[in-house]
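Visitor: Quick one: the structure is below, questions incoming.
Rule-based calculations on the coordinates, nothing more; no lab input. Just so you know, these numbers come straight off a predicted model, no measurement behind them. No Cβ is skipped: glycine too gets one built from the backbone with ideal geometry, and neighbour counts run over all protein chains shown.
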Amino acid sequence: MRYALIADIHANLAALTAIMADIECRGWVGEVWCLGDVVGYGPDPHQCIEYLKQFEHVCVAGNHDWAAVGKISTSEFNPDAAAACHWTAQQLNPEDVKYLESLPTTVQRGDFTLVHGSPRKPIWEYLLSTGSAQENFTYFKSPFCLIGHSHVPLIFESDKAGCSLSEFPANDTLMLAEKRLIINPGGAGQPRDGDPRASYAIYDSEMGAITRYCVPYDIGATQTKMEEYGLPASLVARLSYGV
Ligand code: ZN
């Protein structure tokens with residue numbers, strides 16, 4: 001069976017539909033594993049939820065998902081993120097609110113634990129360093145953990161010496177073996193690794209492998225909508241650069 005690993009869609013429907021079209025070209029997947037932050041920042045929060053619901057999928061809660069429905073506060077958000085969150089809240093219908101409110105913080109799927117931030121603090125913690133990643137390996141039991149939140153494609157590996165960190169380049173295939181891993185497939189709707197293309201990965205359970213892909217999408221279409229809706233200019237601009 002094949003699974004799509006998609007993190008941080010961030011209400012970017014053009015990016016999400018480009019990813020799903022790319023998946024269709026590569027051979028369909030049985031299930032989408034969504035790693036949180038379906039909404040926030042981007043112009044299509046309602047549309048992204050509706051679109052995602054068309055697919056067999058599981059999804060964990062991200063900080064933006066819960067902030068948009070008032071389940072957590074935006075006090076730790078920067079002003080642009082908070083402004084986008086306030087706008088997002090106004091675009092959601094009662095069904096969307098119900099969907100976001102009921103997202104779990106952690107999902108177990110076979111050999112994988114799915115969270116948005118980290119196994120220790122699923123909503124808020126950013127995993128970008130080996131120090132924090134090493135501590136987090138004790139907070140989940142499965143061999144592998146999938147995360148989002150930082151929007152940076154990374155692989156943390158736990159070994160006897162401690163923890164090591166490597167990049168997860170586009171089109172690279174990661175073979176799963178004995179070593180425990182924490183894997184971030186990169187940001188779908190607002191990448192932050194310098195590559196503005198929509199990032200995602202496919203897990204093939206028969207091969208025991210995860211391959212990361214980057215898909216070009218109509219960034220201008222998303223930006224035009226954001227400008228039209230008065231979303232913060234910095235959030236519009238960053239999509240061009242993937243930062
Ligand atoms: Zn995010």
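Visitor: Relative contact order of the chain: what whole-number percent is it, with Cα pairs under 8 angstrom and at least 6 residues apart?
Guide: Values: 576 pairs, mean separation 56.1, N = 243.
Averaging sequence separation for qualifying contacts and normalising by length gives 23 percent for the chain.
Visitor: Next up: If R₀ is 35 angstrom, what is the calculated FRET efficiency for the pair residue 141 and residue 53, using the beta carbon separation as r and rounding to 0.05? Please list the in-between numbers first.
Guide: Values: r = 30 Å, r/R0 = 0.85.
Here the calculated transfer efficiency is 0.75.
Visitor: So, one more: Roughly how many nanometres apart are two label points built 7 Å out from the Cα toward the Cβ at residue 206 and residue 46?
Guide: Going by the 7 Å Cα→Cβ label model, 4.2 nm.
Visitor: FRET efficiency for residue 218 and residue 160, Cβ-Cβ distance as r, R0 = 41 Å, nearest 0.05?
Guide: On the way: r = 47 Å, r/R0 = 1.14.
It comes out at approximately 0.30.
Visitor: Residue-wise, which Karplus ³J(HN,Hα) couplings in Hz belong to segment 86-98, taking 6.51 cos²θ - 1.76 cosθ + 1.60, θ = phi - 60°, and x for glycine or proline?
Guide: 4, 4, 4, 4, 6, 9, 8, 8, x, 5, 4, 4, 4
Visitor: Give, in nm to one decimal, the length gained when the segment between residue 178 and residue 126 is fully stretched (0.36 nm per residue of separation minus the Cα-Cα distance). Show your work: numbers first, answer last.
Guide: Details: separation 52, 0.36 × 52 = 18.72 nm, distance 2.49 nm.
Taking 0.36 nm per residue and subtracting the Cα distance, the gain is 16.2 nm.
Visitor: Sum up the charges of everything whose Cβ sits under 12 Å from the Cβ of residue 36, counting Lys and Arg as +1 and Asp and Glu as -1, but leave residue 36 out. Don't skip to the answer; put the middle values down first.
Guide: On the way: positive: none; negative: 8, 37, 65.
With Lys, Arg at +1 and Asp, Glu at -1, the net is -3.
Visitor: Around residue 221, under 13 Å between beta carbons, what's the net of Lys plus Arg minus Asp minus Glu among the other residues? Can you show the working numbers first?
Guide: Values: positive: 225; negative: 44, 218, 227, 228.
Spelling it out: positives minus negatives among the neighbours equals -3.
Visitor: If you build a Gaussian network model of the chain, linking Cα atoms that sit under 10 Å apart, which residue out of 95, 157, 125 swings the most?
Guide: Its mean-square fluctuation being the largest, the pick is 95.
Visitor: Trypsin sites (Lys or Arg not before Pro) within segment 102-204: which are DSSP loop residues with at most 13 other Cβ atoms inside 10 Å?
Guide: Those satisfying the criteria are 141, 160, 179.
Visitor: Through the Karplus equation 6.51 cos²θ - 1.76 cosθ + 1.60, θ set to phi - 60°, convert the phi angles of segment 138-150 into ³J(HN,Hα) values in whole Hz; use x for Gly and Pro.
Guide: With the stated coefficients, segment 138-150 comes to 7, 9, 9, 9, 5, x, 10, 10, 10, 10, x, 6, 7 Hz.
Visitor: Could you sort 73-80, 27-34, 12-19 so that the peptide with the highest average Cβ count within 10 Å comes first and the rest follow in order?
Guide: Working: 73-80: 12.8, 27-34: 17.1, 12-19: 24.5.
Highest mean packing first, the order is 12-19, 27-34, 73-80.
Visitor: Related question: For the chain, rounded, prolate or oblate, judged on the Cα gyration tensor with a ≥ b ≥ c (square roots of eigenvalues), a/c < 1.5 rounded, else prolate if a/b > b/c? Don't skip to the end; give the middle numbers.
Guide: Values: a/c = 1.57, a/b = 1.39, b/c = 1.13.
Taking the square roots of the gyration eigenvalues as a ≥ b ≥ c, the chain is prolate.
Visitor: Please report how far the C-alpha centroid of segment 13-89 lies from that of segment 150-220, rounded to the nearest whole angstrom.
Guide: Cα centroid of segment 13-89 versus Cα centroid of segment 150-220: 18 Å apart.
Visitor: State the cysteines of the chain left without a partner when partners are defined as other cysteines whose beta carbon lies under 4.7 Å away.
Guide: Here 25, 48, 85, 145, 163, 214 come out as lacking a disulfide-compatible partner, given the Cβ-Cβ threshold of under 4.7 Å.
Visitor: What FRET efficiency do you get for residue 73 and residue 98 if R0 is 25 Å and r is their Cβ-Cβ distance, rounded to the nearest 0.05? The partial results should precede the final answer.
Guide: On the way: r = 20 Å, r/R0 = 0.81.
Calculated transfer efficiency: 0.80.
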